[in-house]
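None of the figures in this text is laboratory data; all of them are computed from the coordinates on show. This one's a predicted model, so the numbers in the text were calculated from it and none came from an experiment. Note that we place each Cβ from the backbone using ideal geometry, even for glycine, and neighbour counts take in every protein chain shown.
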Amino acid sequence: MNDMKQASLGIMLGVFCAGCANIPTAESCMETQRSFTASFEDLWSRSVRTVEDLQGTVLAQDKSAGVIACKIPYDAKGPEEYVNIYIQRPNAGDRACCVYVVPYTFFVGRGQTQHVEPGKPKEILLLEFDDIYFRKDHLSEIGSAFLDTLTDYVGQGKS
Amino acid sequence: MRTIFALLSLFSLIVAGCGPQTRRVATTSRMAQLFATDFKDFKAPDASLITAGASRGFENATYDEVWEATVVVLMQDGVIVRSSKDAGVLVGLTRPPRAVYVEPARAGRIRVYIYSLRELYTTVDEPGWQLVTYFPEGKEDDFFDRVSGQLYAGKKWKYLYVGQ
């Protein structure tokens with residue numbers, strides 16, 4: 001009987017401890033787009049300025065396409081974030097422009113491939129190289145930080 | 001017994017000696033080189049090269065709508081490092097990296113082409129070796145399906161009304 005009491009006490013204690021643990025219930029969603037009541041031209045110049053404000057580097061931009069590729073430091077110790085920004089031109093009769101932001105974490109793995117060189121059938125060439133990967137960063141705060149800074153410049157945006 | 005062991009060891013050494021020798025070389029891919037230079041010298045391929053890849057035509061949509069759907073889908077797959085709406089070309093660093101060409105309308109149909117830039121996974125210092133040999137295949141259809149979903153979602157399916 002005593003054993004049963006001790007066992008149930010142990011179970012209760014375990015349940016309590018589990019309840020107190022900081023178990024995340026939901027992950028915050030990455031914000032990818034926001035609508036602005038502003039002209040395309042205004043959003044374009046403000047977006048480039050926002051990248052600079054966030055200590056980022058614009059890698060490529062094409063106004064006709066509405067696409068900016070940039071590199072923004074997320075954290076001095078962390079990996080680099082490559083970010084795509086797309087400013088959608090408004091449809092006829094519509095004043096709202098939509099801005100899409102998609103951040104990616106860039107990381108390098110060690111890659112290996114084997115080859116047999118022509119004329120050297122008894123030699124295996126083992127090539128080692130830095131293999132590059134991207135992972136869409138669903139938990140990055142860069143997207144929100146970018147859109148918030150842009151909102152400060154342009155005015156109220158709507159998610 | 002010792003003699004047998006010694007003979008076996010000697011035999012295995014001889015066999016191992018006859019096997020292929022491995023030459024280990026540290027190399028760099030074109031992709032890594034582009035990252036090191038922030039893509040400064042990277043030129044997007046011409047549309048004529050991209051049209052050699054897989055394609056799908058989209059009807060009942062404007063060029064702007066198809067372009068927009070393509071950009072939104074491609075930017076979900078990887079970073080778009082080159083884009084020009086005038087040329088209709090986009091380059092996304094997906095795996096494998098992809099060049100996309102959105103062709104101007106012909107006979108009411110806008111065709112989107114995809115070309116895999118596998119050459120970015122070749123060596124810089126050793127001549128012409130392919131560094132990544134396996135890429136997931138059959139992803140073109142998946143890409144086009146998603147462009148189609150992005151393009152036609154919320155639109156009336158106009159072809160259903162033809163003849164009415």
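What the table shows:
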{"item": "Label-to-label distance, nm, for residues given as residue B:24 and residue A:117 (7 Å Cα→Cβ offset)", "result": "1.7 nm"}
{"item": "Assigned charges on the beta-carbon of Lys, Arg, Asp, Glu; segment B:51-141 dipole about Cα centre (debye)", "result": "120 debye"}
{"item": "Cross-link pairs beyond the 30 Å C-alpha cut-off, checked among A:71/B:85; A:71/B:155; B:40/B:155; A:71/B:139; A:136/B:43; A:63/A:136", "result": "A:71/B:155; B:40/B:155"}
{"item": "FRET E, pair residue A:41, residue B:49, Förster distance 35 Å, beta-carbon r, rounded to 0.05", "result": "0.60"}
{"item": "Gain on full stretching of the segment that runs from residue A:148 to residue A:124 - 0.36 nm per residue minus C-alpha separation", "result": "3.2 nm"}
{"item": "For A:60-71, mean number of other protein chain Cβ atoms within 10 Å", "result": "6"}
